[in-house]
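The values are calculated or read from the model by the stated rules, or taken from the named source; none is laboratory data. Just so you know, these numbers come straight off a predicted model, no measurement behind them. Glycine also receives a Cβ, built like all others from the backbone with ideal geometry; neighbour counts cover every protein chain displayed.
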Amino acid sequence: MSGGTSETKSVNFAMGNKVRRKIINFLANSNRDIEEIEGLVGKNTLDFHLNILKNAGLIGLEERTVIISEYGKNFLKGKKENGTEEIKDLSQAKPVEIAEIRQLLPCIADSTKFRVVANMSPPLGGILKILEPIFPRGNYSDKKDSLIIQKGEIITTIYGSGKVVMRMVKNEDEAREELENLKNIINETINKGVTPPPREKVRVELMELYKYLPQTNCRECGEQGCYSFAIRLMAGQITLDKCTQLKEPDYATNREHLEFLTTYI
Ligand code: SF4
């Protein structure tokens, strides 16, 4: 490949597709059999995508083996150096187990719900951040080395150390079911051994913000009431710390939900 305009166009076209990016990232560390790639992206349009990658000079085919070309390797290296699309390797990661549920305590904010502390083994450590995109509402914090996931009312925090805290669960059965789901989602990604595709942006609804506000309409924030506050929050015109009620311990969980949701506004 000479790197001329037409080659650049065909590479851009090839890499502009999510499935083909997934394939090329999968090939970053080793050649793969067609069957392995089928397992990753499905069989239906695989020939079509491989042809486009081949025509762009990014891969070669030898019988049933797909090989990344030198040009493809350089392309990925360039992306990594530019920080535009870092290749993440999950091939060394081991599937996890929920080793132990240590506590089931009433939630501080809602005594009808429970807070569970469990342990994930082996700890996810450095790959925790890579897993963020597999959860539609997942947020990784470098500072705390933790991944917070919201699913309905339940907020789960996974720490790099292996500790898992799940809040607002109804009972132990629900906690076990949710922890099992969590384990399966994580292991499915680890078994594929590749970086999850970029996450679609989560849409936050106005009523969702309103739902978690105290709804006392006390006006201490200077707004007409909680609904007006929600509108301004949605528009990015006001911050959560202006709501005095959310600072009360009774609203700790509401605040946690709102802090999470506002990261998506
Ligand atoms: S301070 Fe909070 S609870 Fe009071 S009206 Fe404003 S948003 Fe509602």
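Of all the residues in segment 209-245, those that are of a type outside the set (S, T, N, Q), in contact (Cβ under 8 Å) with a residue 24 or more places away in the chain and surrounded by 15 or more Cβ atoms within 10 Å (Cβ to Cβ) number 9. Every test in (1) modelled with pLDDT of 85 or more; (2) in contact with a Phe, Trp or Tyr (Cβ under 8 Å, 6 or more places away or on another chain) is passed by MET120 save one, and that test is (2). Scanning segment 173-185 for any residue that is closer than 14 Å to PHE260 by Cβ, among the acidic types (Asp, Glu) and either over 26 Å from the mean Cα position of the chain (by Cα) or in the same structural domain as ARG115 (by TED's automatic domain parsing) (or both) turns up nothing. The sole residue among GLU172, GLU132, GLU153, GLU177 that is surrounded by fewer than 19 Cβ atoms within 10 Å (Cβ to Cβ) and touching a Gly at 6+ places or on another chain (Cβ under 6 Å) is GLU132.
What are the pairs, 6+ residues apart or on separate chains, where a residue within segment 117-138 that is free of Cβ contacts under 8 Å to residues at least 24 places away in the same chain has its Cβ under 9 Å from a residue that is in a strand (DSSP E or B) and surrounded by fewer than 21 Cβ atoms within 10 Å (Cβ to Cβ)? Taking only residues 6 or more apart or on different chains, the pairs are LYS129/TYR140. Where helices (runs of 4 or more DSSP H) fall entirely within segment 150-254, those with at least 1 residues that are touching a Leu at 6+ places or on another chain (Cβ under 7 Å), of a type in the set (Asp, Glu) and within 16 Å of the ligand (Cβ to nearest atom) are at 206-212.
For segment 1-36, name all the residues that are assigned to a helix (DSSP H, G or I), at pLDDT 80 or above and over 23 Å from the mean Cα position of the chain (by Cα). Passing the criteria: ALA14, ILE34, GLU35, GLU36.
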